[in-house]
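A.B. asks: Quick one: structure below, then a few questions.
The values are calculated or read from the model by the stated rules, or taken from the named source; none is laboratory data. Everything numeric here is computed off the predicted structure, so don't read it as measured data. Ideal geometry is used to build each Cβ from the backbone, glycine not excepted, and the neighbour counts take in all protein chains shown. For accessibility, only protein heavy atoms count, side chains too; no ligands or nucleic acids. Shrake-Rupley method; radii C 1.70, N 1.55, O 1.52, S 1.80 Å.
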Amino acid sequence: MIKPSETLHTLEEEVLVDAADLSVGEANELLSEIHEDMLYVRVSFADAAAEKYGLKVLESAAEERAVSYYYDGSDQTIHGETTDRGAGSTTGYVSGAFALDAADSLTIEVYLDRSVIEAFFNDRKAISMRAYPEVEDADGVSVFTEDGDVTVSALYVARMSGIY
């Protein structure tokens, strides 16, 4: 199993969202007021009829920029990507095989600590990335889907405190 340390939950400062059985639109309505760069986000997707679905953090409303973690059912892979890697760096993109049966749900847990983002997929795989947003409003969170629909079966977001 690849899962985050339970100790990280002791850094949860305030629960911002705790909801279940939502459409993508309903989930994004709850997430629209969250603008943070230190968060714990757990989202579970079920009844996926979409090819791609996932989570964006450090999202900018002004520009199409974000760190995205998602599942692509067309080739059964998970992905992490960002364009905000800092001056002189290449675009960050990571992917790997991740088989899900049609009846399986997907849970993505993300720990966002300013520029470090760690994502865990069904306690089986993890992707860590760094991002240095160049725009000031890059602090949003959203879920997304492409080519179909999905149910957000659980959504939990907590503001995190620092370890110091």
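A.B. asks: Determine, for each peptide in 49-58, 8-17, 149-158, the mean count of other beta carbons within 10 angstrom over its residues, then list the peptides with the highest first. Walk me through the numbers on the way to the answer.
C.D. replies: Values: 49-58: 21.6, 8-17: 13.7, 149-158: 19.8.
Packing proxy ranking, top to bottom: 49-58, 149-158, 8-17.
A.B. asks: Here's something else I'd like to know. Put +1 on the Cβ of every Lys and Arg and -1 on every Asp and Glu Cβ in the chain; which of VAL157, GLY96, LEU31 then has its Cα farthest towards the positive end of the dipole?
C.D. replies: Positive-end residue among those listed: GLY96.
A.B. asks: Let me ask something else about it. Looking at the stretch 58-144, which GluC sites (Glu not before Pro) are in a loop (DSSP not H, G, I, E or B) and have at most 14 other Cβ atoms within 10 Å?
C.D. replies: Values: sites: GLU59, GLU63, GLU64, GLU81, GLU109, GLU118, GLU134, GLU136; in loops: GLU63, GLU64, GLU134, GLU136.
Answer by residue number: GLU63, GLU64, GLU134, GLU136.
A.B. asks: In whole Hz, with x marking every Gly and Pro, tabulate ³J(HN,Hα) for the stretch 17-33 from phi via Karplus 6.51 cos²θ - 1.76 cosθ + 1.60, θ = phi - 60°.
C.D. replies: 8, 8, 9, 9, 6, 10, 7, 4, x, 5, 4, 5, 5, 5, 7, 4, 8
A.B. asks: Given the protein chains as shown and a 1.4 Å probe, how many square angstrom of ILE78 are accessible, to the nearest 10?
C.D. replies: Here the accessible area works out near 0 Å².
A.B. asks: For the pair ALA126 and ARG114, how long in nm is the line joining their label points, each one 7 Å along Cα→Cβ?
C.D. replies: It works out to 2.0 nm between the two label points.
A.B. asks: Given a 10 angstrom Cα cut-off, can you work out which residue in GLY140, GLY25, GLY80 is the most mobile in a GNM of the chain?
C.D. replies: Result for the chain, Cα springs under 10 Å: GLY25 fluctuates most.
A.B. asks: Would you list which aspartates and glutamates come within 15 Å of LYS3, measuring only between C-alpha atoms, while excluding same-chain residues fewer than 8 positions from it?
C.D. replies: GLU109, GLU118, ASP123
A.B. asks: Do the sum for the chain: with -39,500 (n - 2.57) for every DSSP H run of n ≥ 4, divided by all residues, what is the mean residue ellipticity at 222 nm, to the nearest 500 deg cm²/dmol? Display every interim value, and only then the final one.
C.D. replies: On the way: 1 runs with 8 residues, N = 164.
The helix-only estimate for the chain comes to -1500 deg cm²/dmol at 222 nm.
A.B. asks: Right, something else. Which value, in debye to the nearest 20, describes the size of the charge dipole of the chain about its Cα centre when Lys and Arg Cβ atoms bear +1, Asp and Glu Cβ atoms bear -1, and nothing else is charged? Provide the component values of the computation, followed by the final result.
C.D. replies: On the way: 11 positive and 33 negative charges, 136 e Å.
About 660 debye.
A.B. asks: Could you tally the net charge around SER105, taking each other residue with its Cβ under 14 Å from the Cβ of SER105, Lys/Arg +1 and Asp/Glu -1? Each step should come with its number before you reach the end.
C.D. replies: Numbers: positive: ARG42, ARG124; negative: ASP21, ASP47, ASP101, ASP104, GLU109, ASP123.
Value of the local net charge: -4.
A.B. asks: For the stretch 105-118, just list the computed ³J(HN,Hα) in residue order, Karplus coefficients 6.51, -1.76 and 1.60, θ = phi - 60°, integers in Hz, with x standing in for Gly and Pro.
C.D. replies: Along the stretch 105-118, the couplings run 9, 10, 10, 10, 10, 10, 10, 10, 10, 6, 9, 9, 10, 10 Hz.
A.B. asks: I've got another one for you. Compute the FRET efficiency between HIS9 and GLU29 as 1/(1 + (r/R0)^6), taking r as their Cβ-Cβ distance and R0 = 25 Å, and round to the nearest 0.05.
C.D. replies: Details: r = 26 Å, r/R0 = 1.03.
The formula returns an efficiency of 0.45 here.
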